[in-house]
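Let me begin by presenting the structure, written as structure tokens, before commenting on it.
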Amino acid sequence: MTSLQPNSAPLPPVAVVGLGPMGLVLAETYLRAGHPLTVWNRTAARADDLVARGAHRAGSVAEAVAAAGVVVVCTKDYESLYDAFGDLKAPEAPGRARPLVVNLNSGTPEEARTATTWADERGFDYLDGAIMVPPPLVGSPGAVFLYSGPREHFDSARPVLETLGDPRYLGPDTGLAVLYNTALLEMMYAQMNGWLHAAALVGSAGVPAADFAELALGWFAPAVLAPEGLREGADELDRGEYPGDLGTLRMNLTAIDHIVRTSREVGVPDDQPRLMREIAERAVAAGYGDLNYLSVFETFRAAGSAVGR
Ligand SMILES: NC(=O)c1ccc[n+]([C@@H]2O[C@H](COP(=O)([O-])OP(=O)(O)OC[C@H]3O[C@@H](n4cnc5c(N)ncnc54)[C@H](OP(=O)(O)O)[C@@H]3O)[C@@H](O)[C@H]2O)c1
């Protein structure tokens, strides 16, 4: 079963399991591109619109697996993946390749590695993935999807993965995609909270966020938090060298303490800057006070981490 696009190779069939806000968009993207599409969702009615537009509704996950060599799973978490598949085993037939489960659920690296074993025991090949864009951006050329697991699975699924955006292969360790995903989300939330707390601080003097944004996001962020600066800093992290000649961690600790005290003074919650102060204090206590702020990294690194040593 293949679809023929004008002037292009037929697109492979694909099954999508899980039609929440994200799974629905993944399925729509496949349908629009012209892949023969089979869908399954625990709440079957969520597939109605897709079925009306040409998707095949599978009555069970087993039926979805039978319809396509690649099964894209997008449910809530790893537990819901196991719930959806139940005790299903991959169908076996002479000459038939093992079905590939591409799991785009969020979780932890260990959960992803455990899922590889789970899949293998049931006769499935397994690739783990993470979606780095919100639903409206799925299918656009800049939509980054991260994948990890055996390279051959990534290569064989590429015609299916490319329909969703820009697939990036991170390596054979299955846990890498969710590890990168978590790390990037941490950057996002830390930046967002920094912006939100800062807007609350100036808001205490009646400054609208829109006015503050002009300086904070228009000038400060590009000038002071510029990507080039972070990239140069990344080399320092890898070398483990943090010269303090232009400013020390101890100096930064004083600056963070001012954020804590100002928050209290103006009646804005101080828990976020207090945590930042605690982190800096811990680094000073560890002996990094005369180095620059990036030396805090030494207190974050997982014990035994090979990077930068
Ligand atoms: N939405 C986003 O912006 C976004 C962005 C990046 C990544 N993601 C990831 O994409 C995944 C799906 O997210 P989502 O936004 O679509 O919504 P979600 O609420 O995380 O997941 C909803 C889907 O999971 C299914 N589900 C939940 N528990 C289940 C179970 N025990 N057995 C079988 N199916 C179960 C739901 O089925 P029912 O319809 O029957 O309840 C529905 O299809 C998540 O892992 C999320 O982290 C989402």
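Overview of values
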{"quantity": "Qualifying positions in the stretch 70-83 - out of contact with any strand residue (DSSP E or B) (no Cβ under 6 Å at 6 or more places or on another chain) and of a type in the set (A, V, I, L, M, F, W, C)", "calculated": "Cys74"}
{"quantity": "Scope the stretch 149-168; condition surrounded by fewer than 19 Cβ atoms within 10 Å (Cβ to Cβ) and either outside the structural domain of Asn105 (by TED's automatic domain parsing) or part of a helix (DSSP H, G or I) (or both); matching residues", "calculated": "Arg151, Glu152, Asp155, Ser156, Arg158, Pro159, Glu162"}
{"quantity": "Qualifying residue in the stretch 21-28 (condition: part of a loop (DSSP other than H, G, I, E, B), over 17 Å from Pro159 (Cα atoms) and not basic (Lys, Arg))", "calculated": "no"}
{"quantity": "Condition check for Gly95: assigned to a loop (DSSP other than H, G, I, E, B), surrounded by fewer than 18 Cβ atoms within 10 Å (Cβ to Cβ), within 15 Å of the ligand (Cβ to nearest atom) and small (Gly, Ala, Ser)", "calculated": "no"}
{"quantity": "Meets criteria (touching a Lys or Arg at 6+ places or on another chain (Cβ under 6 Å), within 22 Å of Asn193 (Cα to Cα) and part of a helix (DSSP H, G or I)) for Ile279", "calculated": "no"}
{"quantity": "Complete set of residues in the stretch 103-118 that are within 15 Å of the ligand (Cβ to nearest atom) and in a helix (DSSP H, G or I)", "calculated": "Pro109, Glu111, Ala112, Ala115, Trp118"}
{"quantity": "Out of Ala221, Ala234, Ala285, Ala205, sole residue that is in a helix (DSSP H, G or I) and farther than 21 Å from Ala183 by Cβ", "calculated": "Ala285"}
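The values are calculated or read from the model by the stated rules, or taken from the named source; none is laboratory data. Note that the structure is a prediction, hence the values are computed from the model and not measured. Every residue, glycine as well, gets a Cβ built from its backbone with ideal geometry; the counts of neighbours run over all protein chains shown.
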